[in-house]
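What follows is calculated from the coordinates using simple rules that are stated; it is not laboratory data. Note that the structure is a prediction, hence the values are computed from the model and not measured. Backbone-built Cβ (ideal geometry, glycine too); neighbour counts: all protein chains shown.
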Amino acid sequence: MKYFLIAGEASGDLHASNLMSQIKNVDKNADFMFFGGDLMQAQGGKMLRHYREMAYMGVIEVLANIGKIKKNFEICHKNLLEYKPDAVILVDYPGFNLKVAKFAKEHGFKTFYYISPKIWAWKKKRAFTIKKYVDKMFAIFPFEVDFYKQFDYKVDYVGNPLVDAMRNREKDFVDENEFRKKYNLNDLPIIALVPGSRRSEIEKLLPEMIGILPHFRQYQFIITGAPGIEHDFYNKYTQNQNVTVIFDDTYNVIRNSVAAVVTSGTATLETAFLKTPQVVVYKMNYISYLAAKTFVKIKYFSLVNIILERLAVKELLQAHLTDDIVNELQKILLDQTYRQRMLKSYDEIQTILGNESASLRTAEVIYNDIKTI
């Protein structure tokens, strides 16, 4: 069978690659074409576009790159029609993927959506678009099942793919002594800085994170380098700073840190799985911030708090980030009761999300669905 996948960011690349691996287990003749990243490329097939050429966030950035976005659609449409896949699999990334879903459905392709867009946060009316153009939606949070019921649309809850990702990476985990030796680190406790996977996120958030360094001279800081971002991109932020950048080892950086400053997104949930206390941050350009303030209708913006439906980790948005990060980190590092309460909340998350293989369940459903056509 032929599978056409689209993932537009680093987390999508991770989860799509795991799904591709499981598809190959259930379909020995699987053939892939995709928009994605290095992890998907490692599974084989033809990559049409790397996600770093697609990851545009916010009104201004989208408008500034409208020509490139249009070109990506043209490449997608052309190859869909020529490749004639048995399944189109869209991974999150709604701004692009929902338009592709419409095109694919109108041209007779079977369309699947793995990892529901967070339309429960804003743009809830997109549920009608999904219902019209997506043959099967795979949800990764239990509450999404009830959300879609409001629109008379049945979705498949398959578990959370981060469980798969963590399980697959456990063999690469190292203890603190080995980690320090590997990267020639000193004995000071480590604070992880996780500024995101998109260039625009890093540009906005890393300077705020770097600003906290003078307040924690008894600690050492490690920045997790994003896949798909060139290494020297970080140099302008790290020059004359006592900070290390480590690539391709994010999980070990976080799990061997006493605390983490994490950009809102999948990384907040990964940090919870790795049992590291965190403060969650985000920053947008002013126009995007005003739009979000007007239209986003959820109480929290970090996945940890959304899943628990309460404030388990501190969320800092937009202004005065450096000062607020300092205050929250000091609380995490010095108040043991506060710290342990956060870690206990992490245990609740793992109980809620369970321990099933989302990738395998999704692969089986897709393959069984298309082989009967």
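Its Cα gyration tensor gives the chain an equivalent ellipsoid; the semi-axes, largest first and in whole Å, are 35, 22, 21. The lysines within cross-link reach of Lys314, meaning a Cα-to-Cα straight distance under 24 Å and a gap of 8 or more places when in the same chain, are Lys118, Lys204, Lys275, Lys283, Lys293, Lys297, Lys299, Lys331, Lys344. Between the alpha-carbon centres of segment 107-163 and segment 260-285 there is a gap of 24 Å.
Quick one: compute the contact order of the chain, relative version, from alpha carbon pairs under 8 angstrom and 6+ residues apart, as a percent. Computed value for the chain: 17 percent relative contact order. Ranked by how many other Cβ atoms sit within 10 Å of their own Cβ, fewest first, the residues Glu270, Glu74 fall in the order Glu74, Glu270.
If the viscosity is 1.306 mPa s and the temperature 10 °C, what translational diffusion coefficient in µm²/s does Stokes-Einstein give for segment 223-262 when Rh comes from Kirkwood over Cα pairs? Translational diffusion coefficient: 144 µm²/s.
Two decimals is fine: what is log10 I(q)/I(0) at q = 0.15 Å⁻¹ for segment 1-125, from a Debye sum with one equal scatterer on every Cα and no solvent? For segment 1-125 at q = 0.15 Å⁻¹, log10 I(q)/I(0) is -0.65.
Could you tell me which helices of the chain pass both thresholds, a Cα extent of 15 Å or more along their own axis and a mean Kyte-Doolittle hydropathy of at least -0.5, with helices taken as whole DSSP H runs? It would help to have the intermediate numbers written out before the result.
Values: long enough: 10-26 (25 Å, -0.12); 66-83 (25 Å, -0.45); 94-106 (18 Å, -0.27); 199-210 (16 Å, -0.23); 321-334 (19 Å, 0.45); 336-353 (26 Å, -0.93); 358-370 (18 Å, 0.22).
Qualifying helices: 10-26, 66-83, 94-106, 199-210, 321-334, 358-370.
For segment 174-353, the relative contact order is 21 percent, taking Cα pairs closer than 8 Å that sit 6 or more residues apart in sequence and dividing their mean separation by the residue count. The stretch between Arg217 and Lys181 holds 10.9 nm of extra length on full extension. This uses 0.36 nm per residue minus the Cα-Cα distance. Residue exposure proxy: Thr129, Thr362, Thr337, ordered by other Cβ atoms within 10 angstrom of their Cβ from fewest to most, comes out as Thr337, Thr129, Thr362. Short to long, the 5 Å bins of the Cα pair-distance histogram for segment 81-144 hold 4, 18, 32, 26, 12, 5, 2, 0 percent of all pairs. Highest mobility in the GNM of the chain, judged by mean-square fluctuation with C-alpha springs under 10 Å and restricted to Glu348, Glu106, Glu203, is found for Glu106. Here is the tail figure for segment 174-353: Cα pairs spaced more than 25 Å apart come to 30 percent of all pairs.
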